[in-house]
Amino acid sequence: MLRILITNDDGIDALGIRRLTEALLALEGAEIYVVAPLEEKSGVGHGVTFRSALEPQEHDFYGLPVKAWAINGNPADCVKAAYHLLFEDDQKPDIVFSGINVGTNLGRDIYYSGTCSGAREAVILGIPGIALSYDNWFDQDNYGEVVEMIQPLIQEFSEKAKKGELPQQVFWNVNIPHVPQKELKGIVPASLSLNHYEDKYNKEGAGYYLVREYPEVMPLAEPYDYDLLKHGYIAITPVHIDATDRDLLKQLDEWTFIKSWGKREG
């Protein structure tokens, strides 16, 4: 029996998490649990709750055959609380899916995204994590044929998780274009596009609101997630949670302030 935990950052009543649950219910022999924020928590990054008590509440989930809880916290809280509070030690989840997010999480969005933090927290706890986002920010009530498009992807992730074949210390960031399934060009490995938008602030009244400006879509030249998505591909990026720069770490031995202390013992 494959035990699947689902979370998101748009809140437990969001349409995207329902669509993801419906897709996962099609898997044979899967036991599904949903633990998601009581309210929308977009853009909270990997924030966890320290100064308030978490209160998991059982939640009816569209009448679907799953067990569901809403939590007064962030996506990382949901995964952490599910792991420590809602599952027995011998019944931990085999895999965590986070999403389906309204809008994309591309490039440096992975550092701000609550959707990505749900998958990242799973990996921190030793569980494979997959974040899924859909390019429907300007058409938020329309999830098109996203369930059909992600079916082979979630099937393979689930099978590999069951066999223990997914690497540790990596979560998977998946972005899906808002196109009909017949127009989907494929599923492609992608690098993070770290410079595909510019942040600006617009003044409204006495305050300022963050907005992002995106470039025009250019001919596809590099396998970056933004470019691939805008050309009709599902972009999938393995994101390692160890952000250490190994090459620079070695070079540091030659820096003056380190050499002045001499060689390390051992």
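The values are calculated or read from the model by the stated rules, or taken from the named source; none is laboratory data. Owing to the predicted nature of the structure, the values given are computational and were not obtained by experimental measurement. Cβ coordinates were reconstructed from backbone atoms using ideal geometry, including for glycine residues, and neighbour counts include every protein chain displayed. The protein model used for the area step is the full one, side chains on, heavy atoms only, and it has no ligands, DNA or RNA in it. Shrake-Rupley method; radii C 1.70, N 1.55, O 1.52, S 1.80 Å.
Of note:
- Between Q155 and I241, the contour length at 0.36 nm per residue exceeds the alpha carbon distance by 28.6 nm.
- Protein heavy-atom accessible surface, 1.4 Å probe, per residue over the chain: 55 Å².
- Extension gain, W137 back to L85 (0.36 nm per residue minus Cα-Cα distance, nm): 15.4 nm
- Within a straight-line Cα-Cα reach of under 26 Å, K92 can be paired with the following lysines, leaving aside sequence neighbours fewer than 8 residues apart in one chain: K41, K67, K80, K160, K162, K163.
- Rg to Rh, two decimals, where the range 1-141 supplies the alpha carbon set and Rh follows Kirkwood: 0.93
- For the range 28-110, the average shadow cast by the Cα convex hull is 6.9 nm², which is a quarter of the hull's surface.
- FRET efficiency estimate (nearest 0.05) - Cβ-Cβ, K203 to E40, R0 22 angstrom: 0.35
- The range 185-260: radius of gyration and largest Cα-Cα distance (Dmax), Å: 19.3, 56
- Fraction of accessible area attributable to carbon and sulfur, the range 110-242 (%, probe 1.4 Å): 51 percent
- Compared with the direct C-alpha span, the chain from Q57 to L248 gains 64.1 nm at full extension, assuming 0.36 nm per residue.
- Quotient of the Cα radius of gyration of the range 36-82 and 2.2 N^0.38 Å, N being its number of residues: 1.16.
- Mean ellipticity per residue at 222 nm, deg cm²/dmol - from DSSP H runs of n ≥ 4 across the chain, formula -39500 (n - 2.57): -6500 deg cm²/dmol
- Placing a label point 7 Å from the Cα of L64 along the Cα-to-Cβ line, the residues of the range 122-154 whose backbone N sits under 19 Å from it are 129-136, 140-154.
- For the chain, radius of gyration divided by Kirkwood radius, i.e. Rg to Rh on alpha-carbons: 1.01
- Relative to the 2.2 N^0.38 Å rule of thumb, the range 132-266 has a C-alpha radius of gyration ratio of 1.48.
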